[in-house]
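Inspection log for the structure reproduced underneath, given as structure tokens.
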Amino acid sequence: MTSPDETVLKIEQADGLLQLTLNRPDSANALNPDLTEALIQALTQTSGIRLCVIRGTGRHFCAGFDLSDLQNLSDGDLLWRLLRIETLLQTIYHSPFAVVALGQGQIVGAGADLFAACWRRVAASDARFKMPGWNFELALGTRRLTQLIGQDAARDLLIDTRILSADESLACGLSSDLASPQEWPELIDELHQRTSTLSLRALGQMLDLTSRDTRNDDIAAIVKTAGRPGLKARIIAYRDRVAATRISTQTRND
């Protein structure tokens, strides 16, 4: 059994508490293959865990799917990476222990899906959420988001890639709590105590019975949307549109 890569993921485990810190601050903790696989391993190669906390090093929680090497990837490469990210999200959502996300700064795309897959979702006041996947026809996380915040709110968020503030994320249910990073240690202690009131077996069974299992359908949706030829071209087109909009906005403000 291999060990998770702790150069991209910091791991601390003690007394039934697992703390995972995304450690790619220069890339806003974007999910590259190494980080994705390290998270999957850390979440599945543990025992005796009651509570897992996921956070990000630096200014941002997670900037989503790492596209830094996009030019070197084929459509097939992209599809495989997205399937592994979906596997990670399912691992979190169906975990036998409670998982808490502590989010600050940019929480974008697959990073927002990671946040949404957790039991408790704590946002700092500077958190900003964005889910652009449908701009390139990607179904990642759509069912889980809809189950979490409802059909109308999910459609409103996804149809025009609306950016949500921390307060707006709390109002719609994407975040379960607002708390500053200074308040996070006390919140973790409280949640750790709460998850200790049940036996490990009871905790796992409760979490299982309160989670809707759509894993097969979600994998199929990834294959159906991301598997359509031209995924790389669609991502590049979207990225170019965003860059052009940013330049236009800066020009108007100058």
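Any read-out appearing in this document is the output of simple, stated calculations on the displayed coordinates, not a laboratory observation. Since we're looking at a predicted model, the values are computed, not measured. Neighbour counts run over all protein chains shown; Cβ positions are idealised from the backbone, glycine included.
Jot down the per residue volume, in cubic angstrom and as a whole number, of the convex hull over the alpha-carbon atoms of region 96-194.
On the way: hull volume 8.9 nm³, N = 99.
Once divided by residue count, the hull of region 96-194 is 90 Å³.
Obtain the radius of gyration and the Kirkwood radius of region 169-224 from its C-alpha atoms and give Rg over Rh. Before the final figure, lay out each step's value.
Numbers: Rg = 16.1 Å, Rh = 14.5 Å.
The Rg/Rh ratio comes out at 1.12.
In nm, to one decimal, how far is the Gln193 label point from the Asp208 one, both placed 7 Å along Cα→Cβ?
With each label placed 7 Å out from Cα toward Cβ, I get 3.0 nm.
Over all Cα pairs of region 9-201, how is the pair count split among 5 Å bins, expressed in % and running from 0 up to the last occupied bin?
1, 8, 17, 22, 21, 17, 9, 4, 1, 0, 0
Hey, quick one: spin label on Asp34, modelled 7 Å out along Cα-Cβ, who in region 44-70 has an amide N within reach, i.e. under 15 Å?
66-69
For region 181-254, what D do you get in µm² per second when you plug the Kirkwood radius from alpha-carbon pairs into Stokes-Einstein at 10 °C and 1.306 mPa s?
Numbers: Rh = 17.7 Å.
In µm²/s, the coefficient is 90.
Amide H neighbours of Gly227 under 5 Å, at least 5 residues apart or on other chains, H built in the peptide plane: list them.
none
Sort 99-111, 223-235 by the packing proxy (mean of other Cβ within 10 Å over each peptide's residues), most packed first. Please report the intermediate quantities before stating the final value.
Details: 99-111: 25.4, 223-235: 16.2.
Highest mean packing first, the order is 99-111, 223-235.
For a label point 7 angstrom out from the Cα of Ile163 toward its Cβ, which stretches of region 66-90 have the backbone nitrogen within less than 20 Å?
Counting only backbone N, you get 66-67.
Quick check of the Kirkwood formula: for region 1-110, what is the inverse mean of 1/r over all pairs of different Cα atoms, in Å?
Numbers: mean 1/r = 0.0703 Å⁻¹.
Value: 14.2 Å, from the Cα pair sum.
With each run of n ≥ 4 DSSP H residues scored as -39500 (n - 2.57), what mean residue ellipticity at 222 nm is computed for the chain after dividing by its residue count and rounding to the nearest 500 deg cm²/dmol? Write down the numbers at each step before the final one.
Numbers: 10 runs with 119 residues, N = 254.
Result for the chain, helices only: -14500 deg cm²/dmol.
Please work out how much length the chain gains when fully extended from Thr245 to Leu83, using 0.36 nm per residue of separation minus the C-alpha to C-alpha distance, in nm with one decimal. Intermediate results must be reported in sequence, preceding the final value.
Numbers: separation 162, 0.36 × 162 = 58.32 nm, distance 2.98 nm.
Here the segment from Thr245 to Leu83 would lengthen by 55.3 nm.
Distance in nm between label sites at Ala171 and Asp126, each 7 Å beyond Cα in the beta-carbon direction?
My value for the distance between the label points is 2.3 nm.
Evaluate the distance, in nm, between pseudo-label points positioned 7 Å from the Cα of Val223 and of Thr7 along their respective Cα→Cβ axes.
Here the answer is 3.4 nm between the modelled labels.
State the antiparallel share, in %, of DSSP beta bridges confined to region 9-201, rounding to the nearest 5. Could the numbers behind the result be given before it?
Working: 8 of 30 bridges.
Roughly 25 percent of the beta bridges in region 9-201 run antiparallel, per DSSP.
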